[in-house]
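Only one structure is covered here, and it is reproduced in the block below.
The values are calculated or read from the model by the stated rules, or taken from the named source; none is laboratory data. Just so it is clear, the model here is predicted, and its values are computed rather than measured. FYI the Cβ positions are ideal-geometry reconstructions off the backbone, even for glycines, and counts take in every protein chain you see. When the accessible area is computed, the model is the full protein with side chains, heavy atoms only, and any ligands, DNA or RNA have been set aside. Shrake-Rupley method; radii C 1.70, N 1.55, O 1.52, S 1.80 Å.
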Amino acid sequence: MDIAQKIGEVEAELSRLGQQHEQEAAMAQMLPVRFQENMDAFKKYMPDIHDFFVDYQSARPFRFFCNENGIPNILWLDTEMALYGEDPFADALAQITEVLDQSTLQCIDFASQWYFDDQIHIKYNNEISKLKQRANQGSPLLKDALHTDIPLSLMYGIGLGYQLGYLYERCKVRNLFAFEPDLDLFYASLFCFDWHALLTYMEQEFLTLHLFIGVDEKLLAADMMEALHRKGAFWSAAYFSFRHYHSPKLDTLIQQVENEFYLLRTGWGFFDDNVYALAHSHTHLQDGTPFLKRERDTGLAATLPVFVVGNGPSLDQSIDFIRQHQHQAIIIACGTAVSALHKADIKPDIYVAVERTKSSADFLRILNADDFIKDCVFLSVDVIHPECKGFFRKTGIAFKPNEPMYKILSTRFGSEFEFEAIQYSNPFVGNTGLNYAALLGFKEIYLFGIDNGYKSADKHHSKLSLYYNDKQEAKYQQNLKDTFPAPANFGGEVRINHLFGLAIHNMEQVLATYPEVHCINSSDGAYIEGACPLRVETLTPRWSAIDKRAVVDELMTNCFQPFDVTSIDFQAAINVPLFHEIIEKLRYDWQSVDREHNAIQLMMQRHHDYLLYLLMSKEGHLYRVLIGSLNYFYANIISLMLAEMNSDG
């Protein structure tokens, strides 16, 4: 043994330990100072974060330590595991370097739509899509776009936050969604990372940080949508994502975010749709059509069963049960399901529809069953085509909350506005049926044919409906190309698309809003959380016959009333001159903006902020009219600019 070498090694280790001891002593003095600076910054920029963590006590024991480099690290005492290696800064830098060098931007792609009825939105959105088709169709590499502002990034796991400094040194992300499910870990970051400097920088550069801390899984999708729409849904046009560290809790969160991210890109609406909505709603109001009241007596429905019947393929399995018990329950036929019920000679009590175009009325004409449906009550939303009402003995309407007319009336009348909105009527008529059942006070709800998914390409509707011929052969095969798996109601999987996913999400929201509702889902389709899966052959009810017409009529009397149209000047309320001013302002900005990526993105944000200001005013309906098309156009233009950049190489 070389004694001198051994002595040298011991002396070196003693020196290192001495340096580490000195550094840890300095660190111990620095940590509370940094915590206070960070808390002051959060108090200024994100007061909710400050208020939550100012007196926070960690649930899991940990201690801070550092090596001789003096960089704070965290050690979990229950596992004796550190979050980082010897050099946390080097770990963070290496990760960001890899992310920026190897990531691609996930860009939105709105395919061209069928153009009809001179719809302005579809015409111009299709023109943008054509331009994109000429450019490079591959996903742009993030490293090739670092000279521009990146619209959105999703960062899974914040850890102690060091990677954020390196990220913003090399990349300007306009909107960062940072997810940290571990409250203790984020609390630790308040002692280590310079949040004060980051938040100050982001404020100066007009960048946005959304922190999702200790995520509530049930509220995650709604929280993401609310955060994005506050800055503009069009920012979801292009994004990259990365994981900062590994943990089972983070794995679950990532899977949920990735599964639900499409919800941020759906349901935006568009200009022509909103113009139709205003016109149709105004007609219903002028016609004296009864609207759903905010204060209403729904006690009659509380003890009665209701069947919400959709036109999914599994309806065929339930037809015999519905026929057997049709006199013991209120039957709500959702859209084209009425054609299957007509063929089965089962009369619904209520018919619901939601589509605002004339196709809703045309379908009822094609059905050619006036005598069959004329005794039904028609329930719908204020944007429904007015011709639909003529087929039914009575009509009741509910306002859709995100439509222009509801914004006009609720803003002007405030707390004195007497009418209720139907929150979850989209995207399909089955959503309208379920939401209406809950709004009318039914506590025992059965879902039949509400499949929200496909098991095969030729099984997309009930074989009794108009989608099949007399031989019960499908008139078309459903294209399953853009579908993905989802849990099935009775185990296994079904194929759903993004709209079905939104339908499922909204049905779950209805059931969460009305926890007193007992909902049985006998549909052999997608699973709906909050609904109890029971196959129809296992149902053994003991119901008595009811006077269904009397029940429905009493509900109509108790729950609906006309709006007093003399109480408002609609022409003045719509404020067409202001609309023209806004359009001219947007046009002027586009004509004068520098043809440069970041300048255009900044202008887009200003335009969104103009509309957001309107939303907070009595002219909020103009936000509703314009925001959908603005989101679609600007998302398409952002992805077009990136495609052109990619094409230019």
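I'd like to know if the stretch 461-469 contains one or more residues that are closer than 23 Å to residue 533 by Cα, at pLDDT below 90, crowded, with 23+ Cβ neighbours inside 10 Å and not small (Gly, Ala, Ser). Yes: the stretch 461-469 contains one or more residues that are closer than 23 Å to residue 533 by Cα, at pLDDT below 90, crowded, with 23+ Cβ neighbours inside 10 Å and not small (Gly, Ala, Ser). Quick one: in the stretch 519-539, of everything that is part of a loop (DSSP other than H, G, I, E, B) and among the acidic types (Asp, Glu), which residue is surrounded by the fewest Cβ atoms within 10 Å (Cβ to Cβ)? Ranking the qualifying residues of the stretch 519-539, first place goes to 529.
For the stretch 623-632, the count of residues that are under 18 Å from residue 273 (Cβ atoms), part of a helix (DSSP H, G or I), open to solvent by less than 20 Å² (accessible area, probe 1.4 Å) and out of contact with any Phe, Trp or Tyr (no Cβ under 8 Å at 6 or more places or on another chain) is nonzero.
Are any of the residues in the stretch 534-552 among the basic types (Lys, Arg) and free of Cβ contacts under 8 Å to residues at least 40 places away in the same chain? Checked the stretch 534-552: at least one residue is among the basic types (Lys, Arg) and free of Cβ contacts under 8 Å to residues at least 40 places away in the same chain. Just one residue in the set 373, 322, 366 is more than 25 Å from residue 303 (Cα to Cα) and open to solvent by less than 20 Å² (accessible area, probe 1.4 Å); that residue is 373.
Every residue, every condition in (1) touching a residue at least 40 places away in the same chain (Cβ under 8 Å); (2) more than 30 Å from residue 398 (Cα to Cα); (3) among the hydroxyl-bearing types (Ser, Thr, Tyr), yes or no:
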position	(1), (2), (3)
565	yes, no, no
574	yes, no, no
578	yes, no, no
588	no, yes, yes
591	no, yes, no
594	no, yes, no
601	yes, yes, no
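Would the stretch 119-127 turn up any residue that is at positive phi and modelled with pLDDT under 95? No - not one qualifying residue is present in the stretch 119-127. Of all residues in the stretch 194-209, those satisfying the criterion of being assigned to a helix (DSSP H, G or I) and either touching a strand residue (DSSP E or B) at 6+ places or on another chain (Cβ under 9 Å) or open to solvent by less than 20 Å² (accessible area, probe 1.4 Å) (or both) are 195, 198, 199, 202. Checking the stretch 287-295 against the condition returns a match, with at least one residue being over 29 Å from the mean Cα position of the chain (by Cα), closer than 17 Å to residue 379 by Cβ and buried (at least 20 other Cβ atoms within 10 Å of the Cβ).
Yes or no, residue by residue, for (1) touching a helix residue (DSSP H, G or I) at 6+ places or on another chain (Cβ under 9 Å); (2) closer than 22 Å to residue 228 by Cβ; (3) crowded, with 23+ Cβ neighbours inside 10 Å; (4) of a type in the set (Phe, Trp, Tyr):
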site: 141; (1), (2), (3), (4): yes, no, no, no
site: 151; (1), (2), (3), (4): yes, yes, yes, no
site: 158; (1), (2), (3), (4): yes, yes, yes, no
site: 166; (1), (2), (3), (4): yes, no, no, yes
site: 170; (1), (2), (3), (4): yes, no, no, no
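Of the residues making up the stretch 540-554, just one is part of a helix (DSSP H, G or I), open to solvent by 60 Å² or more (accessible area, probe 1.4 Å) and out of contact with any Asp or Glu (no Cβ under 8 Å at 6 or more places or on another chain), namely 554.
Take residue 106 and decide whether it is within 27 Å of the chain's Cα centre (by Cα), of a type in the set (S, T, N, Q) and modelled with pLDDT under 95. Yes: the conditions hold for residue 106. Has the stretch 182-191 got at least one residue that is among the acidic types (Asp, Glu), touching a helix residue (DSSP H, G or I) at 6+ places or on another chain (Cβ under 7 Å) and either without any contact (Cβ under 8 Å) to a residue 24 or more places away in the chain or not in a helix (DSSP H, G or I) (or both)? So far as the stretch 182-191 goes, yes, one or more of its residues are among the acidic types (Asp, Glu), touching a helix residue (DSSP H, G or I) at 6+ places or on another chain (Cβ under 7 Å) and either without any contact (Cβ under 8 Å) to a residue 24 or more places away in the chain or not in a helix (DSSP H, G or I) (or both). Here 92, 59 are screened, and the one residue that is closer than 23 Å to residue 181 by Cα, among the hydrophobic types (A, V, I, L, M, F, W, C), open to solvent by less than 40 Å² (accessible area, probe 1.4 Å) and touching a residue at least 24 places away in the same chain (Cβ under 8 Å) is 92. Within the stretch 603-616, being within 15 Å of residue 579 (Cα to Cα) and either without any contact (Cβ under 8 Å) to a residue 12 or more places away in the chain or among the aliphatic types (A, V, I, L, M) (or both) holds for 611, 612, 613, 614, 615.
Picking from residues in the stretch 489-518 that are touching a Lys or Arg at 6+ places or on another chain (Cβ under 7 Å) and assigned to a strand (DSSP E or B), the one that is modelled with the lowest pLDDT is 494. Filtered by the rule that a residue be surrounded by fewer than 18 Cβ atoms within 10 Å (Cβ to Cβ), among the aromatic types (Phe, Trp, Tyr) and not in a loop (DSSP other than H, G, I, E, B), the stretch 380-429 gives a lone residue, 413.
Just a yes or no: is a residue in the stretch 472-484 modelled with pLDDT of 95 or more and open to solvent by 30 Å² or more (accessible area, probe 1.4 Å)? Within the stretch 472-484, none of the residues are modelled with pLDDT of 95 or more and open to solvent by 30 Å² or more (accessible area, probe 1.4 Å). Search the stretch 624-640 for residues that are over 15 Å from residue 120 (Cα atoms) and pair each with any residue that is of a type in the set (Lys, Arg) when their beta-carbon atoms are under 9 Å apart and the residues are at least 6 apart or on different chains. Every condition considered, the pairs that remain are 624/407; 635/265; 636/132; 639/132; 640/132. Among the residues of the stretch 555-610, the ones that are among the polar types (S, T, N, Q) and open to solvent by less than 60 Å² (accessible area, probe 1.4 Å) come to 7 in all.
The single residue among 176, 164, 209, 183 that is farther than 30 Å from residue 508 by Cα, aliphatic (A, V, I, L, M) and modelled with pLDDT of 95 or more turns out to be 164.
Listed conditions (1) of a type outside the set (A, V, I, L, M); (2) touching a residue at least 12 places away in the same chain (Cβ under 8 Å); (3) touching a Lys or Arg at 6+ places or on another chain (Cβ under 9 Å) are all met by residue 485, apart from (2).
Count, please, the residues in the stretch 210-226 that happen to be more than 21 Å from residue 167 (Cα to Cα) and outside any loop (DSSP other than H, G, I, E, B). Of the residues in that region, 10 qualify. Condition check: under 23 Å from residue 160 (Cβ atoms) and not aliphatic (A, V, I, L, M). Does residue 67 satisfy that? Against the criterion (under 23 Å from residue 160 (Cβ atoms) and not aliphatic (A, V, I, L, M)), residue 67 qualifies.
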